[in-house]
Amino acid sequence: MMDRRKSIQTMILGAGASALAFHGCKTEGDEPVVPETTITTDTNYYGRTPKEMERVEKLNAEQLFNEHEMETIAVLSTVILPPKEPHGGPIEADVPAFIEFIGKDMPDMQNTLLGGLMWLDHRSNSDNEIEFKGASLEQQKQILDTICNQDLEIPLDNQPLEIQFFALMRNLVVTGYYTSKVGLADLGYKGNSPNVWDGVPDEVLKKHGVAYDPEWIAKCVDQSKRNDIAEWDEKGNLLT
């Protein structure tokens, strides 16, 4: 059986998460948010502007999914992206909360999300006489196998609700996970860090009949001093 997590991880490393590619951020009036270019001198905030923080607080105070729906999202997210040691999975990355927030921030998603959750329970009750979250993993996979493949010849918006729902949920789970601290640790992403460079290899230098100046190489390719800040004199000569 294919390792679904590994496949998704490879996809993320190669192309990046694209869950929200077809949904623009919406304001309260469903108008796309246009980034403000006005320079402000207010330095009493970091990251988000006061207006953005006010909107975040407003959305956090709202509730889109009830308790049962949140539990279903949690179960579904771990079926889509199974957890693994040592980092965990969607639950450890707070993916359900992420999906709740995105659903409130982008209202055009709500009908698909809420309708899809209803469809899951209806299908699970019909097939297994139990709600989706309480079904066995095998039963859950059997249901999802019927909606996980979309017809690429037909626009997604023209396909059945359940197909749209799973495509959206899969992308939200992957995006929520791999943009979290847990997901970044899973990817092994360490951020920007200085490279270790020992100079051009000796065989290459000899091939071209050149060599490093011993004094220069001692200053520039000494890994014991790699964290030291270089200094130059007023004429541009390297001092350290």
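ASN158 passes every criterion in (1) at negative phi; (2) at pLDDT 95 or above; (3) open to solvent by 70 Å² or more (accessible area, probe 1.4 Å) apart from (2).
Take the residues in the range 125-139 that are closer than 19 Å to GLU67 by Cβ and in a helix (DSSP H, G or I), then tell me which one is least open to solvent (accessible area, probe 1.4 Å). Break it down stepwise before answering.
First, pick out the residues of the range 125-139 that are closer than 19 Å to GLU67 by Cβ: 125, 130-135.
Add one more test, that the residue is in a helix (DSSP H, G or I), and what stays is 125, 132-134.
Working: ASN125: 70, PHE132: 0, LYS133: 69, GLY134: 45 Å².
Applying the filter and picking the extreme gives PHE132.
For first residues located in the range 175-187 and touching a residue at least 40 places away in the same chain (Cβ under 8 Å), partners that are open to solvent by 30 Å² or more (accessible area, probe 1.4 Å) and lie 6+ apart or on another chain with Cβ distances below 6 Å form the pairs THR175/ALA17; GLY176/PHE98; TYR178/ALA17; VAL182/HIS87; VAL182/GLU92; ALA185/HIS87; ASP186/HIS87. Taking the range 68-105 as the range and being part of a loop (DSSP other than H, G, I, E, B) and within 17 Å of the chain's Cα centre (by Cα) as the test, the residues that pass are LEU81, PRO82, PRO83, HIS87, GLY89, PRO90, ILE91, GLU92, ALA93, ASP94. Filtered by the rule that a residue be without any contact (Cβ under 8 Å) to a residue 12 or more places away in the chain and charged (D, E, K, R), the range 112-150 gives GLU129, GLU138, ASP145. Total residues in the range 56-87 satisfying the condition of being surrounded by 14 or more Cβ atoms within 10 Å (Cβ to Cβ) and modelled with pLDDT under 90: the figure is 1. Residues in the range 88-116 that are out of contact with any strand residue (DSSP E or B) (no Cβ under 8 Å at 6 or more places or on another chain), surrounded by fewer than 21 Cβ atoms within 10 Å (Cβ to Cβ) and among the charged types (D, E, K, R): GLU92, ASP94, LYS104. Between ILE147, ILE163, which is under 25 Å from THR78 (Cα atoms) and either modelled with pLDDT under 90 or in contact with a helix residue (DSSP H, G or I) (Cβ under 6 Å, 6 or more places away or on another chain) (or both)? After applying the criteria, what remains is ILE147. Considering (1) loosely packed, with under 14 Cβ neighbours inside 10 Å; (2) touching an Asp or Glu at 6+ places or on another chain (Cβ under 8 Å), the lone condition that HIS122 does not fulfil carries the number (2).
Quickly run through the range 140-165 and pick out the residues that are aliphatic (A, V, I, L, M) and not in a loop (DSSP other than H, G, I, E, B).
If we filter the range 140-165 for residues that are aliphatic (A, V, I, L, M), which is where we start, we get 143-144, 147, 152, 154, 156, 161, 163.
Of everything in the range 140-165, those that are aliphatic (A, V, I, L, M) and not in a loop (DSSP other than H, G, I, E, B) turn out to be ILE143, LEU144, LEU156, LEU161, ILE163.
The values are calculated or read from the model by the stated rules, or taken from the named source; none is laboratory data. Keep in mind the model is a prediction, meaning the values are calculated, not measured. Cβ atoms come from the backbone with ideal geometry, glycine included; neighbour counts cover every protein chain shown. Note: accessible area is taken over every heavy atom of the protein model, side chains too, but ligands, DNA and RNA are not part of it. Shrake-Rupley method; radii C 1.70, N 1.55, O 1.52, S 1.80 Å.
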